[in-house]
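Engineer: Dumping the structure here so I can ask a few things about it.
The values are calculated or read from the model by the stated rules, or taken from the named source; none is laboratory data. Because the structure is a prediction, the values reported are computed rather than measured. As a convention, Cβ positions derive from the backbone with ideal geometry for all residues, glycine included, and neighbour counts pool all protein chains shown. Side chains are part of the model used for accessible areas, which takes the heavy atoms of the whole protein and leaves out ligands, DNA and RNA. Shrake-Rupley method; radii C 1.70, N 1.55, O 1.52, S 1.80 Å.
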Amino acid sequence: MVSERSELNRRLAAYCFLWETTMCQMISKKNIILLALIQICYGVRTYTSKDLIELSYSLTLIDALDTLAIMGNYSEFQRVVDILSTKTDFDANINVSVFETNIRVVGGLLSAHLLSHKAGIKLEPGWPCNGPLLRLAEDVAKRLIIAFDTKTEMPFGTVNLHSEFGTLSRLTGDPLYEEVATKALNSLFAHKSQLGLFGNHIDTDSGRWTAQDAGIGSGVDSYFEYLVKGSILLQKPQFLEMFYESREAIDKHIKKDDWYMWVSMTKGQVTLPVFQSLEAYWPGVLSLLGETSSAMRTLHNYHQVWQQYGFTPEFYYIPQTEAGSNKESYPLRPELVESLMYLYRATGDPYLLQAGEDILRSIQHSAKTPCGYATIKDVKDHKKEDRMESFFLSETTKYLYLLFDTDNFIHNQGEHGTVINTPNGECIIEAGGYIFNTEAHPIDPGALHCCTNIENDNLFDFKKIHQRKSIHGKRIKENKKVVTEDAHNKTEENLYLTRLNVSDVPLGENIQGNNITNVDVGNSTESLIFQSVTDMEKTYIYDSQENLDKLHVANKYSKKYYNGK
């Protein structure tokens, strides 16, 4: 058993992970990059309002904001919120990744908005249904919603926006965001193969799979994650039914001896016998369903890879037990420690604390630099790359801290809460049950009920989900028929926005004219947001509010559960 003092030391080390990082400024071809925010462990402030205004907004600033609240540094949380609150919109002329902007910026702003009460921030009347960070989150979402204007109703770049867009609808009272995200999830489900498998890239106009390797990692990981988390957060058991149906196909065709490989989505034969480091989220998802035995067996496999190299490479060839060629890097990913945190909360197994200590020691020993923590370029020799992703501050450090901080308010299991008055009457917040989005931004489900009129007797008891599994296939097939017919019946006359001349935009690439330009979506310092889109003939000025108003015309989502704002 790990000693109390040893656990305290690890907890302190996890705390210092984030704040030992100084504001290291590197000159690049594009701009000056803020790699980190504050050096709390040494009591040094490393940024000012002027810095942030002159440099626009670093994605890292928003992505790491709720980490401050979780680690209890409310004074710095207040400072950052004050700076963000001076900005009324994200009007900038730049291309962005829909997925990365959603999970990092929209998710980060929503989480910080909901943690403001806990952090002692002065709140506007009507909170949590009102507030400056909520308005900023909605401003970003308005600019992203153009991506949903496709024939399949799946947005360019990604389908996985549901937790953030659903939360935004519940807080603002505008059902459109949740509606378009739900249609995207249903549309993708309708395009699964006859084996029940999903490829890892789809043409969002034609519905044709352009990459037909099926797995649980890159390209589909957040889809499976959000089916489970979205069902709990938004009280939609149909998403969990969809996950169970997908899970049957995964266990039948993809799972091999507690590993998960890549197979043909149409034939089921193995095409790529690798473990991707991104796949390490899977045991954590299983733990949310109470399936800890299967989750622990798979996690043991992943931890063995970590022990072999001191890190998990992006690709690990399972038969050869070696890192993949040109895929040997470790960009400080959080997925393994994420699963450790979830499973430790579910089982209390001390082995998981030891595995967390392995991760902590490796990062401290090999990734630490004078001004942050660097990507490991090659797990075989631990050479560094001059780069630190924002998800290291948003996710990796947060999950490590929460693994060892067993008394953190995030772990509240309903023992206590806070009663607040809202325009909809009294509601209870901070009672636990936080749902993390795929970028580790926690959402308080209680706060969502403050802004929507859902009676308790309408809430679904997820303990009964297995009683519905025997009939979920019929319901989903009916849903698939509706979604498919709706997609086929949609005509050009129904499209409110001028169609771009690019129908297939891979994740991590954005549109400018008829060219596809690579954008490094992993760069944690990319600024936001686009203002116009261009084709060969003319430029269309993008008005986010006008676009939103037009999309509202087609809104058929019932407003009876919303506050009618």
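Engineer: Within the range 237-303, list the GluC sites (Glu not before Pro) lying in a DSSP loop whose Cβ has at most 16 other Cβ atoms in a 10 Å radius.
Structural biologist: Numbers: sites: 241, 245, 248, 279, 291; in loops: 291.
Sites meeting the loop and neighbour criteria: 291.
Engineer: Efficiency by 1/(1 + (r/R0)^6): what FRET value for residue 75 and residue 411, r their Cβ-Cβ distance, R0 = 22 Å, to the nearest 0.05? Mind dumping the intermediate values first?
Structural biologist: On the way: r = 23 Å, r/R0 = 1.04.
The pair residue 75/residue 411 has a calculated efficiency of 0.45.
Engineer: I'd like the Karplus ³J(HN,Hα) series for the range 207-222: coefficients 6.51, -1.76, 1.60, θ = phi - 60°, whole numbers in Hz, and an x wherever there's a Gly or Pro.
Structural biologist: Karplus-based 3J(HN,Hα) across the range 207-222 equals x, 8, 6, 9, 9, 9, 6, 10, x, 10, x, 3, x, 10, 4, 5 Hz.
Engineer: Take the Cα radius of gyration of the range 119-276 and divide it by 2.2 N^0.38 Å, with N its residue count; two decimals is plenty. All intermediate terms of the calculation are to be shown ahead of the outcome.
Structural biologist: Values: Rg = 17.7 Å, N = 158, 2.2 N^0.38 = 15.1 Å.
So the range 119-276 has a normalised radius of gyration of 1.17.
Engineer: Calculate, in nm to one decimal, what residue 248 and residue 354 gain on full extension: separation in residues at 0.36 nm each, minus their alpha carbon distance. The partial results should precede the final answer.
Structural biologist: Values: separation 106, 0.36 × 106 = 38.16 nm, distance 3.20 nm.
Here the segment from residue 248 to residue 354 would lengthen by 35.0 nm.
Engineer: While we're on this one: Count neighbours as other Cβ atoms within 10 Å of each site's Cβ, and list the trypsin sites (Lys or Arg not before Pro) in the range 196-263 that are DSSP loop with at most 15 such neighbours. Walk me through the numbers on the way to the answer.
Structural biologist: Values: sites: 208, 229, 247, 252, 255, 256; in loops: 208.
Counting only loop positions with at most 15 other Cβ atoms within 10 Å, the trypsin sites (Lys or Arg not before Pro) in the range 196-263 are 208.
Engineer: Return one whole number: the accessible area per residue of the range 402-450 in Å², for a 1.4 Å probe.
Structural biologist: On the way: 1850 Å² over 49 residues.
Roughly 38 Å² per residue, with all protein chains present.
Engineer: Rounded to the nearest 0.05, what FRET efficiency is calculated for residue 211 and residue 378 with R0 set to 22 Å and r the Cβ-Cβ distance?
Structural biologist: Values: r = 26 Å, r/R0 = 1.19.
In this case the efficiency is close to 0.25.
Engineer: So between residue 428 and residue 327, what do we pick up on full extension, going 0.36 nm a residue minus the alpha carbon distance? It would help to have the intermediate numbers written out before the result.
Structural biologist: Numbers: separation 101, 0.36 × 101 = 36.36 nm, distance 4.68 nm.
Here the segment from residue 428 to residue 327 would lengthen by 31.7 nm.
Engineer: For the pairs 256/383; 229/267; 327/383; 192/267, flag any whose C-alpha to C-alpha distance is greater than 21 Å. Working shown, then result.
Structural biologist: On the way: 256/383 32 Å; 229/267 29 Å; 327/383 14 Å; 192/267 13 Å.
In this structure, 256/383; 229/267 lie more than 21 Å apart at Cα.
Engineer: Using only the Cα atoms, work out Rg/Rh for the range 251-373, with Rh taken as the Kirkwood radius, to two decimals.
Structural biologist: On the way: Rg = 14.9 Å, Rh = 15.1 Å.
Dividing the radius of gyration by the Kirkwood radius yields 0.99.
Engineer: Any chance you could run the full-extension gain for residue 267 through residue 293? It's 0.36 nm times the residue separation minus the Cα-Cα distance, nm to one decimal.
Structural biologist: Working: separation 26, 0.36 × 26 = 9.36 nm, distance 2.90 nm.
So the chain would gain 6.5 nm between residue 267 and residue 293.
Engineer: Rule-of-thumb check for the range 341-420: C-alpha Rg over 2.2 N^0.38 Å?
Structural biologist: 1.37
Engineer: Using the crude model of +1 on Lys and Arg Cβ and -1 on Asp and Glu Cβ, and no other charge, please compute the dipole size for the range 375-437 relative to its Cα centre, in debye to 20.
Structural biologist: Details: 6 positive and 11 negative charges, 70 e Å.
Value, rounded to 20: 340 debye.
Engineer: Give a quick list of chymotrypsin sites (Phe, Trp or Tyr not before Pro) in the range 147-225 that DSSP marks as loop, anything other than H, G, I, E or B, with at most 16 other Cβ atoms within 10 Å.
Structural biologist: The qualifying sites: there are none.
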